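The values are calculated or read from the model by the stated rules, or taken from the named source; none is laboratory data. These numbers come from a predicted model, not from an experiment. Cβ placement follows ideal geometry from the backbone for every residue including glycine, while neighbour counts extend to all protein chains displayed.
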Amino acid sequence: MHERVAELVAELTREEKRRLVRGAVDPDGVATGYVPGVERLGIPPFSLVDGPLGVRADDGGRATAFPASLALAATFDPDLAREQGAAMAREARAHGQDALLAPGTNLLRVPHCGRNFEYFSEDPELASRLTAGVVEGVESEDVVATVKHYVANNQERNRTGVSAEVDERTLRELYLRPFRAAVDAGVGSVMTAYNRVNGTHMSDHGYLVGDVLKDEWGFEGYVVSDWYGLETTVGAANAGLDLEMPGVASFDPEETDADVDGDDFGAGDLDGLPDPTKADMFGEPLADAVDRGEVPERRLDDMVGRVLGQMHRIGLLDGDQPDGALDTTEHRELAERIAARGTVLLKNESVGGGDDGGADAARDDPVLPIDDEASVALVGPNVHEPKLGGGGSSETTPFHSVSPREGVEARAEGTVTVVRGHSEIEDESLFDRLAFVEEVDESDTEAGTGPEDEDTTVDDAVAAAEAADVAVVVVRDATSEGRDKDDLRLPDEQDALVEAVAAANSRTVVVVNSGGPVEIPWLDDVAAVLAAWYPGQADGDAVASVLYGDRDPAGRLPTTFAPEDEYPATDERQYPGVDDEAHYEEGVFVGYRHFDARGAEPTFPFGHGLSYAAFEYGDADVVADERKHRVRVAVENTAARPGREVVQAYVRPPEVDGVDRPVRELAGFAAVSVDAGATETVELDLDEHAFARYDAEEGWTTDPGSYRVEVGRSSRDVQATVEVER
Ligand code: NOJ
């Protein structure tokens, strides 16, 4: 404990200590969580705010709506994560907030999870590096980062009731790794998950919170509960939980018709939401527990010291805070750059012959980028509004946003005919679902909608597509915290809309806005597909810049795309679980580890993404020192245009009797911009994780033998290999 903090702790009364470990109501109504200070000792209040896609101020205050975390992950670029983290922290600061409730870093175990858009990847290496980037960025601006939700919060369905039944090896090799990376990056706070792990609620988890996070990893910050996610007083305090949030019930149970003790908060429409009357567990009950000797006084001091320690670290105890910055040109530009860079070009084919009536000559070229002068039919139920994000605590209200329609119309030089072709797909807002307990002002959360009931028939879309050189169809899903997807189809009749447009124009491009993988049954019928995730406020500008080739689509898939029934964990026992237990029986074989082990061909593999440029790889070599193996490879851009390549290194371990390891695992990656005709030498540092596996008895173990490092463009597109002896 820092000397200054220790002195303060020594001066605090029991009552004052209690005030520092339990949330209270923010008198300004801005914070998501609020710790009142102790005026007598000059300890100021401490304010925590959501979330991972930008600041969600509770007073409706606006902020830059950044691309969803999954879009950020698709950039494979930790430097961009650092920039986004720093920008979000400056905005938190401008709203007077001290801690940001971000990043979220649970792995994408099942494609149905309603919060996959808030997370980074199905792969722990990618998730770890992006997590570390965001954490470093946030904390560089003297704001506390909060990595969440620790741990195995991989589904929203029954999230407050389910126990993730998961073995130690799987926890260590997959789910714990991004949290460890956050700790190594200096994260100030860890938020516990709502779920249980192996039967114990995460807020009470002495092993995972106390032993692993604090003792083994040396985490020195504070552990905060998820909102209303505290299970017990004594169990949590002794397990290592430091701060209860929000600490106060969000409404008076006496004054609502909702069945707060019954189904409304555990099942049915509000499945997955915590009981918002569950609060004040670290208030008086904690003081009483200390009096009774059930929680040692020194534990209470440690809790207080950890909270004060972070306040001290960011300069709050000295009143030494930067002003922050909100909605600056730099933040707008960053939101646009990340959205474009995270856009994945899944498919891009030329359409020979061409009897579509179009005038552009270059029929042998792929459909994208679109010629500046081409006439475009822009189709889609929601082309009039940007896709900001999914529903829930990450909902951010921007100052400024650009719809696909505005973006394409501003960029195109040919005619643009805009037709919806389908009724609007409604966003899911968690706050709408909570409206029955609270008065919710929705006027600020609407992003702006298109004209009602106009041009919404497929025939309108087909007519426009027939008359245009190129048809661009923008489709979307709708996901939310607190609810999983029922299936991976696009909602309503959007697949039929794509089919109809594709039948009318062979030069059809589909832009998919989704919070994770979706099924694309029309893949063979369209010329090009872009996965643009939830791009945030810069949606239209970003997609137009990629469609017209102003920016190279630099994104690569952070998650495998496949038909729903080919994913792992399809058995009910695994997901959503039976009797409140989800059995992680697939072990470490999640995402591409599963598809590789089965030899199954996904629709698009992990790491896939095309470029408008063309890259040739030289031979790879490797040099080792005591800490790492450095893999080097030269990448030449043979195209006449600049491009951005993501060089990926996967390690294939040797066969070891009795050990079932993934075929290959991502061990390193780097995103590089390469000028036309230029060659860049890319260096990838592989640490010990690259070769080791977790053995229940021995811990991290590297089996002796020959490891093959595959360097390439995706998990299935190997361009060079090199052997490493261990
Ligand atoms: C619950 C969510 O799980 C968490 O991510 C969020 O930060 C809190 N609510 C506060 O809104």
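Brief remarks on what is shown
- So ASP596, is it over 23 Å from the mean Cα position of the chain (by Cα) and part of a strand (DSSP E or B): no
- Output for the stretch 599-618, where each listed residue is part of a loop (DSSP other than H, G, I, E, B) and closer than 18 Å to GLU566 by Cβ: GLY599, ALA600, GLU601, PRO602, THR603, PRO605, PHE606, GLY607, HIS608
Here is a yes/no grid of residues against (1) touching a helix residue (DSSP H, G or I) at 6+ places or on another chain (Cβ under 8 Å); (2) over 25 Å from ALA145 (Cβ atoms); (3) modelled with pLDDT of 95 or more:
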| position | (1), (2), (3) |
| --- | --- |
| ASN198 | no, yes, yes |
| GLY206 | yes, no, yes |
| GLY210 | yes, no, yes |
| TYR222 | yes, no, yes |
| ASP252 | no, yes, no |
| ALA258 | yes, yes, no |
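- Selection count, the stretch 305-329, where residues are within 24 Å of ALA65 (Cβ to Cβ) and among the acidic types (Asp, Glu): 2
- Being closer than 24 Å to LEU72 by Cβ, crowded, with 24+ Cβ neighbours inside 10 Å, more than 22 Å from the chain's Cα centre (by Cα) and small (Gly, Ala, Ser) is true of GLY380.
- Within the stretch 351-374, the set of residues being at pLDDT 95 or above and either of a type outside the set (A, V, I, L, M) or part of a strand (DSSP E or B) (or both) comprises PRO366, PRO369, ASP371, ASP372, GLU373.
- Any hit, the stretch 201-213, residues being within 16 Å of the ligand (Cβ to nearest atom), more than 18 Å from PHE117 (Cα to Cα) and either in contact with a strand residue (DSSP E or B) (Cβ under 8 Å, 6 or more places away or on another chain) or touching a residue at least 40 places away in the same chain (Cβ under 8 Å) (or both): yes
- Among residues of the stretch 15-56 being away from the ligand (no atom under 12 Å from the Cβ) and of a type in the set (Gly, Ala, Ser), the one that is farthest from HIS400 (Cα to Cα) is GLY42.
- Residue match in the stretch 228-237 (condition: under 16 Å from ARG19 (Cα atoms), more than 16 Å from the ligand (Cβ to nearest atom) and modelled with pLDDT of 95 or more): yes
- Selection within the stretch 103-140: residues that are basic (Lys, Arg) and under 24 Å from GLU564 (Cα atoms). The member of this set that is surrounded by the most Cβ atoms within 10 Å (Cβ to Cβ) is ARG115.
- If you go through the stretch 172-196 and keep only what is away from the ligand (no atom under 16 Å from the Cβ) and aromatic (Phe, Trp, Tyr), you end up with just TYR175.
- Here is the figure for the stretch 457-489: residues that are of a type in the set (A, V, I, L, M, F, W, C), buried (at least 24 other Cβ atoms within 10 Å of the Cβ) and more than 21 Å from TYR548 (Cβ to Cβ) total 1.
- Evaluation of LYS214 against (1) in a loop (DSSP other than H, G, I, E, B); (2) under 30 Å from the mean Cα position of the chain (by Cα); (3) modelled with pLDDT of 95 or more (one fails), failing number: (1)
- First in the stretch 1-23 and within 16 Å of PRO285 (Cα to Cα), second anywhere and acidic (Asp, Glu) and assigned to a helix (DSSP H, G or I), Cβ under 9 Å, 6 or more apart: ARG14/ASP291; ARG14/GLU297; LYS17/ASP301; ARG18/GLU284
- Boolean, PRO36 is at pLDDT 95 or above and over 24 Å from the mean Cα position of the chain (by Cα): yes
- Among (1) in contact with a His (Cβ under 8 Å, 6 or more places away or on another chain); (2) closer than 30 Å to ARG109 by Cα; (3) away from the ligand (no atom under 16 Å from the Cβ), the one test that LEU72 misses: (1)
- Matching residues in the stretch 396-417 - criterion: being surrounded by 22 or more Cβ atoms within 10 Å (Cβ to Cβ), out of contact with any Phe, Trp or Tyr (no Cβ under 9 Å at 6 or more places or on another chain) and closer than 17 Å to ALA467 by Cβ: none
- The residue pairs whose first member lies in the stretch 671-682 and is closer than 7 Å to ARG644 by Cα, whose second member is among the small types (Gly, Ala, Ser) and in a strand (DSSP E or B), and whose beta carbons are closer than 9 Å, counting only pairs six or more residues apart or on different chains, are SER673/GLY643; VAL674/GLY643.
- Spans of strands (runs of 3 or more DSSP E) in the stretch 646-726 with at least 1 residues closer than 21 Å to ASP79 by Cα: 665-674, 679-686, 706-714
- Candidates in the stretch 116-153 are the residues that are out of contact with any strand residue (DSSP E or B) (no Cβ under 7 Å at 6 or more places or on another chain) and under 22 Å from ARG664 (Cβ atoms); of these, the one that is nearest to the ligand (Cβ to nearest atom) is PHE120.
- Pairs meeting the criteria (first residue in the stretch 713-726 and over 24 Å from ASP703 (Cα atoms), second residue of a type in the set (A, V, I, L, M), beta carbons under 7 Å, at least 6 apart or on different chains) are GLN719/VAL711.
- Pairs are defined by a Cβ separation below 7 Å, a sequence spacing of at least 6 or placement on different chains, a first member in the stretch 135-147 that is under 15 Å from ASP323 (Cα atoms) and of a type in the set (Asp, Glu), and a second member that is away from the ligand (no atom under 16 Å from the Cβ) and at pLDDT 95 or above; the pairs so defined are GLU139/GLY186; GLU141/ALA86; GLU141/ARG90; GLU141/ARG93; ASP142/ILE314; ASP142/GLY315.
- Taking the stretch 24-54 as the range and being without any contact (Cβ under 8 Å) to a residue 40 or more places away in the chain, in contact with a Phe, Trp or Tyr (Cβ under 7 Å, 6 or more places away or on another chain) and more than 19 Å from HIS312 (Cα to Cα) as the test, only ASP26 passes.
- Residue check for VAL501: within 23 Å of PRO111 (Cα to Cα) and surrounded by 24 or more Cβ atoms within 10 Å (Cβ to Cβ): no
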